[in-house]
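Asker: The structure is given below, and queries will be raised subsequently.
Please treat every number below as a calculation from the coordinates, not as lab data. Keep in mind it's a predicted model, so treat the numbers as computed, not measured. Cβ sites come from the backbone with ideal geometry, for glycine too, and all protein chains shown count toward neighbours.
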Amino acid sequence: MSTPLVEMRNMSISFGGIKAVDDVSIDLNPGEVVGLLGHNGAGKSTLIKILSGAYKRDGGKILINGEEAQISNPRDAKAYGIETIYQTLALADNVDAAANLYLGRELRTPWGTLDDAAMEAEARKVMGRLNPNFKRFKEPAKSLSGGQRQSVAIARAVLFNAKILIMDEPTAALGPQETKMVEELIHELKKQGMGIFLIDHDIHAVKTLCDRAAVMKNGRLVGVVDVDEATEDEILGMIILGKNPEKAA
């Protein structure tokens, strides 16, 4: 087995005396999608916010490529190649795709002005790798469809050398065609060796997109299963009852 991209060992964090994440260990391999499932309040988002640097853990350690990582804030996480794509996507609606890709990290000419041509050229290059059908480079983000906005958010992460992607319900509120577009993007990222943590409520989406599913309940890890070996009912049982099927990995 190759070294996991991420190993989260014995993660713990409490808020006001309540253990939001309680001794949770989980890993992620290159080219793998691991789904994180559980009811609201199960601890999955909190666990991921520890990895993304939004929360400081009380206990446990994080290894990136087998070496212990010091992640105290989002900047630390980005330095380790960890990028998060939240449901809100955090796009600037009034500017185009290239400007969104370089938001806060703009390229400038030797004269100090924005180098729009260079940014657009790089945007076209990275989008060509991810979503060759994307052609709306000159239009403001607010005019893009949900799937196209996801493409821009993912391209921004890829442009800045993300190795580990955290995605929060990427297909929520998308129609069938848009969902298919995002699924194709995720498959393309897998082929490129990226590891993805996918937070989702939709078991069908997890069965379609993920290699393994990790289920949390009341801050603890119920178990991790290969999605090809567990039925939707078994995964549902893990979510609702906290019951681990016999074949859990």
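Asker: Any idea which of (1) under 30 Å from Ile18 (Cβ atoms); (2) not in a helix (DSSP H, G or I); (3) not β-branched (Val, Ile, Thr) is the one Lys135 doesn't satisfy?
Answerer: Exception for Lys135: condition (1).
Asker: Moving to a separate point now. Please verify whether region 197-213 includes one or more residues that are in a helix (DSSP H, G or I) and under 30 Å from Asp96 (Cβ atoms).
Answerer: The answer is yes, given that some residue of region 197-213 is in a helix (DSSP H, G or I) and under 30 Å from Asp96 (Cβ atoms).
Okay, residues lined up against (1) closer than 30 Å to Gly17 by Cβ; (2) surrounded by 21 or more Cβ atoms within 10 Å (Cβ to Cβ); (3) touching a His at 6+ places or on another chain (Cβ under 6 Å):
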residue: Glu32; (1), (2), (3): no, no, no
residue: Gly43; (1), (2), (3): yes, yes, no
residue: Ala54; (1), (2), (3): yes, no, no
residue: Leu63; (1), (2), (3): yes, no, no
residue: Glu67; (1), (2), (3): no, no, no
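Asker: Another question, then. Residues in region 82-138 that are within 20 Å of the chain's Cα centre (by Cα) and of a type outside the set (A, V, I, L, M, F, W, C): how many?
Answerer: The number of residues fulfilling the criteria is 9.
Rundown of residues vs (1) surrounded by fewer than 22 Cβ atoms within 10 Å (Cβ to Cβ); (2) in contact with a Leu (Cβ under 8 Å, 6 or more places away or on another chain); (3) assigned to a helix (DSSP H, G or I); (4) aliphatic (A, V, I, L, M), yes/no style:
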| site | (1), (2), (3), (4) |
| --- | --- |
| Glu139 | yes, no, no, no |
| Arg149 | yes, yes, yes, no |
| Ile154 | no, yes, yes, yes |
| Pro170 | no, yes, no, no |
| Glu183 | yes, yes, yes, no |
| Glu188 | yes, yes, yes, no |
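Asker: A follow-up question, please. Can you find a residue that is within 18 Å of Ala90 (Cβ to Cβ) and in contact with a Pro (Cβ under 6 Å, 6 or more places away or on another chain) anywhere in region 182-196?
Answerer: Yes, the conditions are met somewhere in region 182-196.
Asker: Moving to a separate point now. Only residues in region 191-203 that are in contact (Cβ under 8 Å) with a residue 60 or more places away in the chain and at negative phi count as the first member; pair them with residues that are in a helix (DSSP H, G or I) and among the polar types (S, T, N, Q), Cβ under 8 angstrom, at least 6 apart or cross-chain, and list the lot.
Answerer: Ile199/Ser45
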